[in-house]
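Trainee: Take this structure, written in structure tokens, and hold onto it; I'll ask about it next.
Each reported figure results from applying straightforward, stated rules to the coordinates on display, with no laboratory input. Quantities reported herein were computed from a predicted structural model and do not represent experimental measurements. Backbone-built Cβ (ideal geometry, glycine too); neighbour counts: all protein chains shown.
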Amino acid sequence: MKIGILGGSFNPPHIGHLILAQNVREAMGLDKVIFVPANIPPLKKQEDSLDAETRLHMVDLSIMDNPYFESSKVEIERGGVSYTFETLRIFKEFFKNKTQLFFIAGSDVLKNIHLWKKKEEIFELARFIVVTRKNFKIRPSLPKEIEKFEMETIEISSSQIREKIKRGESIRYVVPESVRKFIVEKKLYFKK
């Protein structure tokens, strides 16, 4: 089996996450992609961050109609700060040697990759796939184990979505409709 692991804050999940996961799944022939919301992201500020269970629920709403996607609460159950090497260890142990793991990340992670804990172990546990825009150059100083996957990207981020909500602007079509309705119903990210 070939399993993709897509970690992140998903604060909130948006269509860019879904398109990225679908494109990598198809191109790499992955059997499924597992979305793993971080309990506490190690390199992101916690302002505007919802609790992990709420973010997991939004992920579930986002992926419910795709049989190739599933979510995992492995980082939430482990608690504390979420480190990729620990998560991949757990998946490697769970799937044993019958499965090849692919860790999927957007090119934005590259600016802080030098700060990641035990990145050499990450490269041993999984193929490290970075999704980039066409003609994106990976700096020569980055580890050779990082594989570039080019695709047309949608310029959208969770932080942009949160700002749009605070300004009272629509987020229709940038998040799945089920997530949009949940955000509106629960008044998430609105100005306090």
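Trainee: Can you give me the long-range amide H partners of F149? Hydrogens built in the peptide plane at 1.01 Å from N, cutoff under 5 Å, separation of 5 or more residues or another chain.
Mentor: Distant-sequence amide H within range of F149: V130, V131, T132.
Trainee: Also, I was wondering about something else. Within 10 Å of each residue's Cβ, count the other Cβ atoms and sort H57, H114, H17 from fewest upward.
Mentor: The most exposed by this proxy come first: H114, H57, H17.
Trainee: So if we plug the beta-carbon distance of A27 and K98 into 1/(1 + (r/R0)^6) with R0 = 22 Å, what FRET efficiency do we get, rounded to 0.05?
Mentor: Values: r = 22 Å, r/R0 = 0.99.
So, using R0 = 22 Å, E works out to roughly 0.50.
Trainee: Amide H to amide H, which residues 5 or more places from N39 or on other chains are under 5 Å from it, using H placed in the peptide plane?
Mentor: I76, S82
Trainee: With labels modelled as points extended 7 Å from the Cα through the Cβ direction, what inter-label distance (nm, one decimal) is found for S141 paired with K118?
Mentor: 2.6 nm
Trainee: What does the convex hull of the Cα atoms come to per residue for the chain, in Å³?
Mentor: Spelled out: Cα convex hull of the chain, divided by residues, is 119 Å³.
Trainee: Further, regarding this structure: Arranged from highest to lowest average of other beta-carbon atoms within 10 Å per residue, in what order do the peptides 148-157, 177-186, 32-41 appear?
Mentor: Per-residue Cβ counts within 10 Å, averaged per peptide and sorted highest first, yield 32-41, 177-186, 148-157.
Trainee: Sequence gap at least 6, Cα distance under 8 Å: using those rules, report the relative contact order of the range 2-154 to the nearest whole percent. The partial results should precede the final answer.
Mentor: Working: 233 pairs, mean separation 37.2, N = 153.
Computed value for the range 2-154: 24 percent relative contact order.
Trainee: Still on this model: Can you flag which of K96/K181; K119/K187; K98/K144; K137/K166; K92/K119; K73/K181 are past 27 Å Cα-Cα?
Mentor: K96/K181; K119/K187; K137/K166
Trainee: Oh, and also: Can you give the local net charge around F69? Use residues other than it whose beta-carbon is closer than 13 angstrom to its beta-carbon, Lys and Arg +1, Asp and Glu -1.
Mentor: Computed value for this residue: -3.
Trainee: Going by how many other Cβ atoms sit within 10 Å of their own, how do S62, S49 line up, fewest first? All intermediate terms of the calculation are to be shown ahead of the outcome.
Mentor: Details: S62 26, S49 17.
If I rank by nearby Cβ atoms, fewest first, I get S49, S62.
Trainee: Figure the gain on full extension for E70 and E155 (residue separation times 0.36 nm, minus the Cα-Cα span) and round it to one decimal in nm.
Mentor: 28.2 nm is the gain from fully extending E70 to E155.
Trainee: Still on this structure, I have one more. To make sure I understand, if each residue's beta carbon is the centre and we count other beta carbons within 10 Å, what order do R139, R25 fall in, fewest to most?
Mentor: R139, R25
Trainee: So if I take the centroid of the Cα atoms in the range 37-89 and the same for the range 163-181, what is the distance between those two points in Å?
Mentor: Between the Cα centres of the range 37-89 and the range 163-181 lies a distance of 20 Å.
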